[in-house]
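Remarks on the structure that follows.
The values are calculated or read from the model by the stated rules, or taken from the named source; none is laboratory data. Just so it is clear, the structure is predicted and the values come from calculations on it, not from any experiment. Reconstructed Cβ throughout: ideal geometry from the backbone, glycine too, with neighbour counts over all protein chains shown.
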Amino acid sequence: RRKKKDNSSMNSLRRDPPPLPARRPGLPPPRLPRLQGLGLRRLPPRIPPPPPRAHRAPPVLGFHHSCDDDRIPHFTPTTASSFSLAAPDSRSWRALDCRHGRALFLSKGDAQELLLWEPTTGAQQRVPLPVSYDVICRYEEVTVYATAAVFCAADGCDHRDCFRGPFGVLFVFCVEQDGDGGCVTLTRLYSSETDSWDEPSWIFHDLPMCFTFYSSVLVGRSLLYFMSDDGCILEYDFAGHDLTVFDPPNYESIYDGRYNIMLAEDGGLGVSQEMNPHLKLWTRVIEGADARWVLSRVIYLQNLLPDGALVEPASSLYVLGFAEGANAIFMTTVAGLFTIELQSERVRRVCDDHALCNLIPIVSFYTPVP
């Protein structure tokens, strides 16, 4: 009988080819000279794709104000172009807020309504105020102080081209009862999608909260902040519709108007404090149930503003507004009104007049490039 050949070793060789001979480091592989002889060039190393382009900070087009002085334009441009927007008349409408491509105004006449105005399109929309507010205002024994904030209500929006989408308005009004009867501040939330106001939220406190000099600050999509004329800060939480009142840093009982709310560098709530001749920037840090103010930065104004601007700073140096998105503040001095870009500390003189209050910056926005 013929013996069967043992092919196990051959199968093993077929499955496991012998290892390639070791090459010294730096030597080209054996086939490379042959490929080079064919005139083929080595491909360059793979270049990683560029990082996504960061959006530029939108420019500040100008500002509104709430002064009744006819000599001051209703809209003051801050850009190099000489354009002028047909802003609502400040004699009939009080400027309150501007955000996400919309400016918000409160009527000064008998009509209890809000006006939303799109600076880029000129479109206007009126929203009647809640009936409860109108009823309370008719009582002779109470005094009412009101303000409001506007914001985009579209999910996942980058807020660069959202003025045609849904929006919301938070209306805030403080009711002071005459004869030392205490105060209550109420809020009502409006939705453009349902064209209705939700149920009120309220908080009781001892002293009235008058809203004349400051506009609101939106932190993320969950918190809105307002500052009263006496320096108290009102927080509204969208999640639970809760209201909280707290003081700015180093607050004293005799308020001298040295504070203004803004966005901090980390995106949270910040406060500017004028400490002539420098400006302190504070950040509110929340750790669990505790919250505290932390000094984050000091801006030395004598290095930024012209010499004549810091004359009598104790009585003439004030931060009038913060431009969300542009990360810039408006500061009034005896030499006029200036903008300070917080990131670059670039200073620009805006206008001569400095007798302004409740300045509302109008910020442009860019349409994202696909």
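So VAL175 fits all but one of (1) over 19 Å from the mean Cα position of the chain (by Cα); (2) of a type in the set (A, V, I, L, M); (3) under 30 Å from THR332 (Cβ atoms); what number is the exception?
(3)
Right, GLU113: of a type outside the set (S, T, N, Q) and surrounded by 12 or more Cβ atoms within 10 Å (Cβ to Cβ) or not?
Working: of a type outside the set (S, T, N, Q): yes; surrounded by 12 or more Cβ atoms within 10 Å (Cβ to Cβ): yes.
Yes: the conditions hold for GLU113.
Of all residues being polar (S, T, N, Q) and surrounded by 21 or more Cβ atoms within 10 Å (Cβ to Cβ) in the stretch 314-340, which is nearest to the chain's Cα centre (by Cα)? Just the residue, please.
THR332
Scan the stretch 217-225 and give yes if some residue there is part of a loop (DSSP other than H, G, I, E, B) and either at pLDDT 95 or above or buried (at least 19 other Cβ atoms within 10 Å of the Cβ) (or both), otherwise no.
Within the stretch 217-225, the first condition is being part of a loop (DSSP other than H, G, I, E, B), and the residues that meet it are 220-222.
Adding the requirement that they be either at pLDDT 95 or above or buried (at least 19 other Cβ atoms within 10 Å of the Cβ) (or both) leaves none.
No.
Inspect all residues belonging to the stretch 132-152 and state whether any of them is surrounded by 12 or more Cβ atoms within 10 Å (Cβ to Cβ) and of a type in the set (Lys, Arg).
No: the stretch 132-152 contains no residue that is surrounded by 12 or more Cβ atoms within 10 Å (Cβ to Cβ) and of a type in the set (Lys, Arg).
Mind checking whether some residue in the stretch 297-314 is among the β-branched types (Val, Ile, Thr), under 19 Å from GLY231 (Cβ atoms) and modelled with pLDDT of 90 or more?
Within the stretch 297-314, none of the residues are among the β-branched types (Val, Ile, Thr), under 19 Å from GLY231 (Cβ atoms) and modelled with pLDDT of 90 or more.
This table checks each residue for (1) modelled with pLDDT under 95; (2) polar (S, T, N, Q); (3) under 16 Å from the mean Cα position of the chain (by Cα).
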residue	(1), (2), (3)
SER191	no, yes, no
TRP197	no, no, no
TRP202	no, no, no
PHE211	yes, no, no
LEU234	no, no, no
ARG258	yes, no, no
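Which residues, counting only those in the stretch 271-313, are among the basic types (Lys, Arg) and within 20 Å of the chain's Cα centre (by Cα)?
Passing the criteria: LYS280, ARG284, ARG297.
Name the strands (runs of 3 or more DSSP E) wholly inside the stretch 241-343 in which the number of residues that are of a type in the set (Lys, Arg) is 1 or more.
Here the list reads 278-287, 290-300.
From (1) at pLDDT 85 or above; (2) out of contact with any Lys or Arg (no Cβ under 9 Å at 6 or more places or on another chain), pick out the condition that doesn't hold for LEU85.
Evaluating LEU85 over (1) at pLDDT 85 or above; (2) out of contact with any Lys or Arg (no Cβ under 9 Å at 6 or more places or on another chain) leaves (1) as the failure.
So ASP242 clears everything in (1) at positive phi; (2) among the acidic types (Asp, Glu); (3) under 24 Å from the mean Cα position of the chain (by Cα) except one condition, right? Which one?
For ASP242, the exception is condition (1).
Is one or more of the residues making up the stretch 166-176 among the charged types (D, E, K, R), surrounded by 14 or more Cβ atoms within 10 Å (Cβ to Cβ) and part of a strand (DSSP E or B)?
Yes, because at least one residue in the stretch 166-176 is among the charged types (D, E, K, R), surrounded by 14 or more Cβ atoms within 10 Å (Cβ to Cβ) and part of a strand (DSSP E or B).
Tell me yes or no: at least one residue of the stretch 289-300 is surrounded by 14 or more Cβ atoms within 10 Å (Cβ to Cβ), in contact (Cβ under 8 Å) with a residue 60 or more places away in the chain, closer than 30 Å to ARG221 by Cα and in contact with a Leu (Cβ under 6 Å, 6 or more places away or on another chain).
Within the stretch 289-300, none of the residues are surrounded by 14 or more Cβ atoms within 10 Å (Cβ to Cβ), in contact (Cβ under 8 Å) with a residue 60 or more places away in the chain, closer than 30 Å to ARG221 by Cα and in contact with a Leu (Cβ under 6 Å, 6 or more places away or on another chain).
Tell me, please, whether a residue that is of a type outside the set (Val, Ile, Thr) and in contact with a Pro (Cβ under 7 Å, 6 or more places away or on another chain) can be found in the stretch 140-150.
Checked the stretch 140-150: at least one residue is of a type outside the set (Val, Ile, Thr) and in contact with a Pro (Cβ under 7 Å, 6 or more places away or on another chain).
Among the strands (runs of 3 or more DSSP E) contained in the stretch 93-141, which hold 3 or more residues that are closer than 23 Å to VAL217 by Cβ?
Counting at least 3 such residues, we get 93-99, 102-107, 113-117.
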